[in-house]
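In what follows, a single structure is set out as structure tokens and then discussed.
The values are calculated or read from the model by the stated rules, or taken from the named source; none is laboratory data. These numbers come from a predicted model, not from an experiment. So basically every Cβ, Gly included, is an ideal-geometry build from the backbone, and we count neighbours across all protein chains shown.
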Amino acid sequence: MTPTALKRPIVTAVHAVLKPLGYRKSSATFQRAIGDVVHIVELQGSSANAADAASFTVNIGVFAPALVYEDVREFTKPSIPVSHWRMRLGELSPSRQDLWWRVTSLVHAEVAAIEICDLIERSALPALAQLPDLTSLASVWKSGRSPGLTHRQCTEMLSRLPVAVV
């Protein structure tokens, strides 16, 4: 089976979990606007996928449209690479380590889908629930524990926040 065919049951299962919560699907990325941020869940395939096997991980992010420079078009759309908080699902899981699922059959894909959906519900959604707006992101940046950003980036984001948030 092709990597695309192997990914399909996982994307379908994740969609079934996230759609009732207001997430919209685009390819293997799910987004939900909440408050003044966008929550993102993205299924990422490995660049080393073979013709008959595929490996996947899940990225979680929070994107703040208000912090995007208006003259930088490629960064105006919410995505994991430009998110203002980002982690891998495995880092949020009880094991606290990066997780990749390798699938070689539809059975493997369905098993991976169950595990991924369970971790999204138990780990990712509670983490995202703690980041419903710019104020919560600012608190994370001030604490010095912002996943996916350097200290310098946190300082820059804090300096660009609207006065009402700081």
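Answer yes or no: is there a residue in segment 69-82 that is at negative phi, in contact with a helix residue (DSSP H, G or I) (Cβ under 7 Å, 6 or more places away or on another chain), modelled with pLDDT of 90 or more and not basic (Lys, Arg). Scanning segment 69-82 turns up no residue that is at negative phi, in contact with a helix residue (DSSP H, G or I) (Cβ under 7 Å, 6 or more places away or on another chain), modelled with pLDDT of 90 or more and not basic (Lys, Arg).
Quick one: which helices (runs of 4 or more DSSP H) sit completely within segment 55-150 and have at least 1 residues that are under 18 Å from Thr29 (Cα atoms)?
Counting at least 1 such residues, we get 89-92, 106-119, 125-129.
Residues in segment 151-164 that are surrounded by fewer than 17 Cβ atoms within 10 Å (Cβ to Cβ) and either outside any helix (DSSP H, G or I) or aromatic (Phe, Trp, Tyr) (or both) were compared, and the one that is modelled with the highest pLDDT is Pro162.
Any residue at all in segment 124-132 that is touching a strand residue (DSSP E or B) at 6+ places or on another chain (Cβ under 6 Å), surrounded by fewer than 18 Cβ atoms within 10 Å (Cβ to Cβ) and not hydrophobic (A, V, I, L, M, F, W, C)? For segment 124-132, residues touching a strand residue (DSSP E or B) at 6+ places or on another chain (Cβ under 6 Å), surrounded by fewer than 18 Cβ atoms within 10 Å (Cβ to Cβ) and not hydrophobic (A, V, I, L, M, F, W, C): present.
One residue alone among Ser123, Ser95 is of a type in the set (Gly, Ala, Ser) and in contact (Cβ under 8 Å) with a residue 24 or more places away in the chain, and that residue is Ser123.
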